[in-house]
Amino acid sequence: MTLTIDYTGQLASVVGASEEAVEVAEGDSVADVLKGRLEVYGEKFGELVFDGEGRIRSTLLVVLDGEQAAGDKENLSLEGVKVLMLMTPIAGG
């Protein structure tokens, strides 16, 4: 299935685009897809998405088809999801 990933802020800068379409397998989780993107985009992407233990950062906002995901981001299923949006924290004053 084709999944559109929308990137914002620093992630869009690292990826070099605000969105991309990727093929995902049935049963893939958010973590599976992000680990696959890590292989493509490298260390800087990984620093923004994963913590020191290799888990999805608690500060990364994950939105599935316009609905903010809650709970364990590692095991979120992408079944039926068309758009995955990733938002890094925004600092400011």
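Every number here is computed from the coordinates shown, using simple stated rules; none is lab data. The structure displayed is predicted, hence computed values, not measured ones. A quick note on method: Cβ atoms are made from the backbone with ideal geometry, for glycine too, and the neighbour counts reach across all protein chains shown.
At-a-glance table
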quantity: DSSP-assigned coil residues among GluC sites (Glu not before Pro) in the chain, each with at most 11 further Cβ atoms within 10 Å; calculated: Glu26, Glu53, Glu79
quantity: Positive minus negative residues near Asp28 (Lys, Arg vs Asp, Glu; Cβ under 11 Å); calculated: -3
quantity: Cleavage-rule hits, trypsin sites (Lys or Arg not before Pro), the range 9-93, DSSP coil, Cβ neighbours within 10 Å at most 12; calculated: Lys82
quantity: In sequence order, calculated HN-Hα J values of the range 42-58 (Karplus, 6.51, -1.76, 1.60; Hz; x Gly/Pro); calculated: x, 4, 4, 4, x, 4, 7, 9, 10, 8, x, 9, x, 9, 4, 4, 5
quantity: 0 to 90° range, to nearest 10: angle between helix 30-41 axis and the chain longest Cα axis; calculated: 60 degrees
quantity: Overall dimensions of the chain by Cα: Rg and Dmax, Å; calculated: 12.3, 42
quantity: Under 5 Å, built H, 5+ apart or other chain: amide partners of Phe50; calculated: Arg57
